[in-house]
Amino acid sequence: MLPKKSTLMIFIIFIATACSPVIDLRGSMPTNERVLEIKPGYTKKDISLLLGTPASTSVFGDKRWYYIGSKIKTFAFFEPEELERQVIAIDFDNTDKVTDIYKLALHDGKKINISKYQTPTVGRDSSIIDQFIGDLIGNAGRFKSLNKNEE
């Protein structure tokens, strides 16, 4: 049997490690060395080989690629805190060659207030029971038997 001091020390170590923050890396955070290798004239294929697949691309066309990464600290039940953010935006011309590179950080972001207004939708709110019964009725007879003897 462990002496009381040893048991107390194990308990203190357990509590201390259970309450330590967890640091997560999310997304793609290319190293500065990799980003510095990018030169105007590189092709999309060159960039893919160097940095991998982009996290996002421009909405209209494929003329800007985004590589987005964050470092997030989570501590117990508190809201996660973003410690670091890196956004690399790479612009391409019509021949799919690099024309410009932008590097943004956490301090470049802007806080957006979410509107309290909602867009009305057509339809009705249904309860979980309505949805369950609707699924049962809607799917009745849609599935064929896999047993060939029953045909």
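Bear in mind that the values in this text are calculations on the coordinates, not laboratory data. Not measured: the values here are computed from a predicted model. Reconstructed Cβ throughout: ideal geometry from the backbone, glycine too, with neighbour counts over all protein chains shown.
A few remarks follow.
- Note on ASP125 and ALA105: the extension gain reaches 3.0 nm, defined as 0.36 nm multiplied by sequence separation minus the Cα-Cα distance.
- Taking a straight Cα-Cα cut-off under 30 Å and skipping sequence neighbours fewer than 8 places away in the same chain, the lysines within cross-link reach of LYS45 are LYS63, LYS71, LYS97, LYS103.
- Separation in nanometres of the label points that stand 7 Å from Cα toward Cβ, at PHE75 and SER28: 3.3 nm
- DSSP-assigned coil residues among trypsin sites (Lys or Arg not before Pro) in the stretch 1-91, each with at most 12 further Cβ atoms within 10 Å: none
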